[in-house]
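**Q** Here you go, one structure.
The values are calculated or read from the model by the stated rules, or taken from the named source; none is laboratory data. The model shown is predicted, which means the values in this text are computed figures rather than measured ones. All Cβ positions, even for glycine, are placed from backbone atoms using ideal geometry, and neighbour counts span all protein chains on display. Areas reflect the complete protein model, heavy atoms only, side chains present, ligands, DNA and RNA absent. Shrake-Rupley method; radii C 1.70, N 1.55, O 1.52, S 1.80 Å.
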Amino acid sequence: MKFFKNEFVVEFFEDKLAVGGLIVFILLSILALLPSFFSYQDPYDLTQLFLQNSFQPPNHNFWLGTDEQGRDIYSAMIYGLRISLYVGLASTILSVIIGYTLGLISGYYGGWVDTIIMRIADIQLSFPAILIALIIMALWGQGVGKIVIAITIVNWVYYARTARGVVLSEKEKDYAQSAKALGMGNLGIIFGEILPNTTAPIIVIATVRIANAIILEATLSFLGLGVPITQPSLGSLIANGYQVLFSGYWWASVYPGILLMVLIISINLIGDRMRDVMNPRLKR
Amino acid sequence: MLKYILNRLFHSVIVMFVISFIVFFIMFKAGDPVQLLLPPDATQQDVIEMRHALGIDQSFIKQYEAFLKNVAKGNLGTSFVYGQPALDVVFERLPATLELSVLAMIFSIIFGVPLGIIASIKPKAWYSKAIMFLSLSGISVPIFWTGMVLVLVFSVLLGWLPSSGRGEVYLFTSAFTWDGIKHLIMPVLTLSFFQLALILRLTRTGMMEVMMQDYIKLAVAKGVPRRVVVYYHALKNSLIPLITVIGIQFGQLVAFTIVTETIFAWPGTGKLIIDSIQNLDRPIVVAYLLIISFIFVAINFVVDVLYTFVDPRVRV
């Protein structure tokens, strides 16, 4: 297959840690895609929760224990993993589309379009991301869809800036200039010619930022401004468990936390390797 | 240079103006604080009187106008909840937050830079790989999770360190009393874990990039001892970009005290802002965000000026 002969792909697979990260990530994705198959309780279905099961330590019925409402931690983690991954991927895809488009337009046309888009980006970057997300969530209240949009609002800037920078150098290159000389329309040049040549840096940033988006969601949920516990993400499970940590019910927060950590480390291992492979300054 | 400074100042004022408007608008839209402030048995009359007293019964434009007039007098409004000037409330808690942020930044630099250098000299050695894997977990672990694990181990299981509060405060900081230091250890570690990893990784990448430059190869080729090349030629040049990052990251540290302070019940601005957002205490939220963005803008400015001194190529 041509894909596996690509020099970047070959180099990627030379690093054992990165391959390990990829395998773990694929396994976790399978768990998240088929949560009802791998779990034995539906945490969304309140009729399956029994209060007499509350705060059971890990045992053969509840592998990783239960929380105060008798929610099986293991099953809730699988569903939580699904929500965390969904928020990370959905917000990243949305912000890539929005940021990339704005960045391409901004860099290609220049002028006042560029000024407006980049001023907005500057103002946003002069402010910690978590604060922006916090304020938006305070206005909207908890919810999965809302948090996806909030993270998109925070993250589009990074793609816009990168895309703009790449376009500025690409649009002067011969292939773009000759497309122009051949009478190709501006949109055709931007999306038909320049876009395919600028995807590498965006893919690298996107991978790293999926991990960031998942952390941001978890942090907001931990602060009580993210996903509600009735539709738990890993972050809200940890927050829920943290409230009873001092009572000795450690399993309610520690296990979801470990899973969250494994998930993010696997994504970062992949992203890290991709960055090293594609960074021309580290090769000579 | 003067023109550059004035230009930057003007730009910063505009940015803060825009931020104040957006935040004011969002908090205006977010809801009516009176419902949360009054007891449940309050009459309709009480509600109307309180709304009038707080000045939130007027239109948005009128309210924002009144806010701007007050800002001109150096007053960012009176807190709905505390009944004191919002600036006073924030400033009273600011030392506790800055204490955490500054200590965390110092800690991250002291450990991050040397470890980054070690990992860059022999990138294939086992200890370099170990350092890099640890730093990867450092940037992968959400800050609240670090704090939780520390609390679980050192407070719940071992009982060595207190899990909440600031302890004994002397001269605005807890760092001068033994009790205060014991309260500081976990929040500072929590806050610095991510920064340490980030600084470490940037130092390493910077060093590795610089080590590939021609002038380093030349220095090695003409027989300059390796130690001198690494610690003098390479380090000096790879530290420059780090200054910018440290500047930007300090603002992030201040923002992330929100999480740290929530975990450790630290009486700083981070806890204040979460409470104020939930209570819809608009003056506090606006004042806090303006102060944070001011710190951000000021640090970026200082960094840019420092940069021109360190790197002669970017003289303005």
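**Q** Could you size up the charge dipole of region B:95-268 around its Cα centre, putting +1 on the beta carbon of Lys and Arg and -1 on that of Asp and Glu, and report it in debye to the nearest 20? Numbers along the way, then the final one.
**A** Numbers: 12 positive and 6 negative charges, 196 e Å.
Using Cβ point charges on Lys, Arg, Asp and Glu, region B:95-268 gives about 940 debye.
**Q** Okay, next question. Can you show me the helix-derived [θ] at 222 nm for chain A, built from DSSP H runs with n ≥ 4 at -39,500 (n - 2.57) apiece and divided by the number of residues, rounded to the nearest 500.
**A** -22000 deg cm²/dmol
**Q** Using a loss threshold of 40 Å², tell me which positions in region B:289-307 are less accessible in the complex than in their chain alone. Probe radius 1.4 Å, ligands and nucleic acids ignored.
**A** Buried by 40 Å² or more upon assembly, which counts only protein chains, are B:Leu289, B:Phe296.
**Q** For the pair B:Lys29 and B:Gln44, how long in nm is the line joining their label points, each one 7 Å along Cα→Cβ?
**A** Label at B:Lys29, label at B:Gln44, 2.9 nm between them.
**Q** Going through the DSSP H helices of chain A, which span 27 Å or more along their own axis at the Cα atoms while scoring at least 0.5 as a mean Kyte-Doolittle hydropathy?
**A** Helices passing the filter in chain A: A:73-109, A:144-170, A:199-222, A:251-278.
**Q** In region B:119-138, what residues drop by 40 Å² or more in accessible surface going from the chain by itself to the full protein assembly, probe 1.4 Å?
**A** Going by heavy-atom accessible area, the residues of region B:119-138 that drop by at least 40 Å² are B:Phe133, B:Leu136.
**Q** Let me ask another. Within region B:84-125, which residues have the backbone N less than 18 Å from the label spot 7 Å out from B:Asp179 along Cα→beta-carbon, could you tell me?
**A** B:96
**Q** Can you list residues from other chains, or at least 5 along the same chain, whose modelled amide H is less than 5 Å from the amide H of B:Thr78?
**A** B:Ala86
**Q** Longest segment of chain A with no GluC sites (Glu not before Pro) in a DSSP loop having at most 12 other Cβ atoms within 10 Å?
**A** A:15-171
**Q** Still on this structure, please answer the following. Where nothing but the Cβ of Lys and Arg (+1) and of Asp and Glu (-1) is charged, how large is the charge dipole of region A:1-111 around its Cα centre, in debye to the nearest 20?
**A** 260
**Q** A further question follows. With the dipole of the protein assembly as shown worked out from charges on the C-beta (+1 for Lys and Arg, -1 for Asp and Glu) around the Cα centre, which of B:Met16, B:Thr43, B:Ile246 lies farthest toward the positive end?
**A** B:Ile246
**Q** Follow-up question, since we're still on this one. Say we join alpha carbon atoms closer than 10 Å with springs in a Gaussian network model of chain A; which of A:Gly21, A:Gly107, A:Gly183 then has the biggest fluctuation?
**A** The residue with the greatest mean-square fluctuation here is A:Gly183.
**Q** So which trypsin sites (Lys or Arg not before Pro) in region B:39-103 are both in a DSSP loop and have at most 13 other Cβ atoms within 10 Å of their Cβ?
**A** Those satisfying the criteria are B:Lys73.
**Q** In chain B, which helices (entire DSSP H runs) extend 30 Å or more along their own long axis, judged by Cα positions, while averaging at least 1.6 on the Kyte-Doolittle scale? Write down the numbers at each step before the final one.
**A** On the way: long enough: B:2-30 (42 Å, 1.77); B:86-121 (51 Å, 1.72); B:178-211 (45 Å, 0.90); B:235-264 (39 Å, 1.37); B:282-310 (41 Å, 2.10).
Both cut-offs are met by B:2-30, B:86-121, B:282-310.
**Q** Please work out the C-alpha center-to-center distance from region B:254-308 to region B:101-155 and express it in whole Å.
**A** 24
**Q** What is the sum of charges, Lys and Arg at +1 and Asp and Glu at -1, for the other residues whose Cβ falls under 14 Å from the Cβ of B:Val89?
**A** The answer is -1.
**Q** Calculate, for A:Phe246 and A:Tyr44, the FRET efficiency according to 1/(1 + (r/R0)^6) with r their C-beta to C-beta distance and R0 30 Å; round to the nearest 0.05.
**A** So, using R0 = 30 Å, E works out to roughly 0.60.
**Q** Treating only the Cβ of Lys, Arg, Asp and Glu as charged (+1, +1, -1, -1), what charge dipole size does region B:200-295 show about its Cα centre? Round to the nearest 20 debye.
**A** 640
**Q** Please report the net charge: other residues with Cβ closer than 13 Å to the Cβ of A:Ser75, K and R +1, D and E -1.
**A** Residues close to A:Ser75 contribute a combined charge of -2.
**Q** For a quick check, take a GNM of chain A with Cα springs below 10 Å and name the residue from A:Phe222, A:Phe37, A:Phe55 with the largest mean-square fluctuation.
**A** Maximum fluctuation in the GNM of chain A, among the listed residues, is at A:Phe37.
**Q** Follow-up. Buried accessible area between A and B (1.4 Å probe, both chains summed, ligands and nucleic acids excluded), in Å² to the nearest 100?
**A** Its buried surface, counting both partners, is about 4100 Å².
**Q** Related question: Leaving out ligands, DNA and RNA, and with a 1.4 Å probe, what % of the accessible surface on region A:65-206 is carbon or sulfur?
**A** The computed percentage sits at 66.
**Q** Looking only at other chains, what is the average number of their beta-carbon atoms within 10 angstrom of each beta-carbon in A:118-127? Display every interim value, and only then the final one.
**A** Values: counts 0, 4, 1, 0, 2, 8, 2, 3, 12, 10.
Average neighbour count from other chains, rounded to a whole number: 4.
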